[in-house]
Amino acid sequence: MDGSLVRYSTSAGRWVLLATVLGSSLAFIDSTVVNIALPEIGRDLGADAAGLQWTINGYALSLAALILLGGSLGDRFGRKRIFMLGVAWFAVASLLCGLSPNVGWLIAARILQGIGGALLTPGSLAILEASFDREDRSKAIGAWSGLSGVGGALGPFIGGWLVGIGDWRYIFFINVPVAVVVLLVAARHVPESRNPQATGRIDVTGVLTGAIGLAGLTYGFTAWPMRGAGDPVVLGTLALGVAGLLAFVLAERRSRQPMMPLPIFRNKAFSGANLVTFLVYGANGGVFFLFVINLQVVADFSPLLAGTALLPSTVLMLLFSARSGALGQRIGPRIPMTVGPLVCAVALMMMSRIGAGADYWTGVLPSVIVFGVGLTLLVAPLTSTALGALDDAYAGIASGVNNAVARAAGLLAVAVLPLAAGLGGGSLTDAAQLSPVYRNTMMICAALMVAGGVLAWFLIPNRLPAHTPVKSFCDPGAPPVHPSRTAPPVRSGR
């Protein structure tokens, strides 16, 4: 490898894309397949409801709490190096999950899995941003979005198939050979990059306060629906989360080598992209949570049909996300980031009408296709803007921030939207109670999409200014080639 940036159309570019897609899919798929295996896990390990819940929440908690650290470590020590460490860590944790003799062991191993996911997830996008030629980045990120979406959509099918043919432990064991493939491809084909201005020192105060803040909010919002808003545990953990994040901001302002440099938020395009991310991914969280439940409980669809209902959206993203990224590169991100959420809002208003006796072909499929068109227009330009608004030296932390915002929005949506829609202490498995809650939730999500589109129009520029890229390099221990160490790290979002 000669140290130059790779092109999307070359074999080198395809290998880089393959490594990042497979690596990030490990974390994406494991967020969904475990849900399918929970009944088998409960029967095999004798786990109660709380133990099964923590099997899910332990992973989400450590992932959300440490994802910023993963992006920062990549910027400091090498994105390829931290990405590969995360993949290897995830594989070992998956093996421990599959060997679990009891639910306590499984929960601990799932927490370790979340740590691995926090190391590899921001690295996958940061590698794309730092490795591809500027003209090809949006296309590469679009292809990554589409292919990763397919991986997430296939997760429930893979999990159901593995549980059906054998044992729930297979859903964890299968991660090991996939991780080995990722490590082999990454070691041979992925170029190394890092922030030349970052030091090897870890911002310990920032790590601790950020982890406490994100973990507190994650746990508080996760416990809210079960315990109630006035429960002392909910209030205490939410207060701890807010205090932790405030302490994190103060620590980052005072640190000489902050994990998340606060001046990056002076960039209008970067801040705007993350605000849009929070709104639209909050809406997506509500849709993906309630849509399938409504199809089964209210419309009386089979689990298989309900689970495949959104596949047309995934297929559209797979086929056209790369082209959407290229379109955003050509005309600028503002228009697709404005139009995409508005199209999604129309789809969600259509989805709100899905009720008892709905027919898939006439009542469900049209809204799913419109939703897929909106997401295809939106996701690749949004991700490209969130990463491309800052200098390449900050690709890791930009990816970490955007991932943390998206995951926080999804957690908040699942916790708050059913309550805001009028569920109260009702049941999600009772058709009479769920029907109005679902309809109200879809309308709230549509409003969030509209707000995201409006914000994008006012905050996202027509063009992102050019910048000096950090060149790739092969030896992770060698200094990166950077033509201008005096270039400003943050670009203005004019």
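Since every read-out is calculated from the coordinates, none of them should be taken as a lab result. These numbers were taken from a predicted model, which means no experiment stands behind them. A quick note on method: Cβ atoms are made from the backbone with ideal geometry, for glycine too, and the neighbour counts reach across all protein chains shown.
In order along the range 325-337, phi translates into HN-Hα couplings of x, 5, 5, x, 5, 7, 9, x, x, 4, 5, x, 6 Hz, rounded to whole numbers, per the Karplus curve 6.51 cos²θ - 1.76 cosθ + 1.60 with θ = phi - 60° and x for Gly and Pro.
What you get for the range 263-465, charging only the Cβ of Lys and Arg (+1) and of Asp and Glu (-1), is a dipole of about 560 debye around the Cα centre.
Treating the beta-carbon of each Lys and Arg as +1 and of each Asp and Glu as -1, no other charges, what is the dipole magnitude of the range 31-130 about its Cα centre, to the nearest 20 debye? Don't skip to the end; give the middle numbers.
On the way: 6 positive and 5 negative charges, 68 e Å.
Dipole of the range 31-130, to the nearest 20 debye: 320 debye.
Which peptide among 201-209, 323-331 comes first, and what is the full order, when sorted by highest mean count of other Cβ atoms within 10 Å?
Working: 201-209: 17.1, 323-331: 20.7.
Output ranking for 201-209, 323-331: 323-331, 201-209.
Of the listed peptides 16-23, 354-361, what is their order by residue-averaged count of other C-beta atoms within 10 Å, with the highest listed first?
Put in order of decreasing packing, that is 16-23, 354-361.
Basic side chains Lys and Arg get +1 at the Cβ, acidic Asp and Glu get -1 at the Cβ, and with that the dipole of the range 162-289 about its Cα centre reaches some 440 debye.
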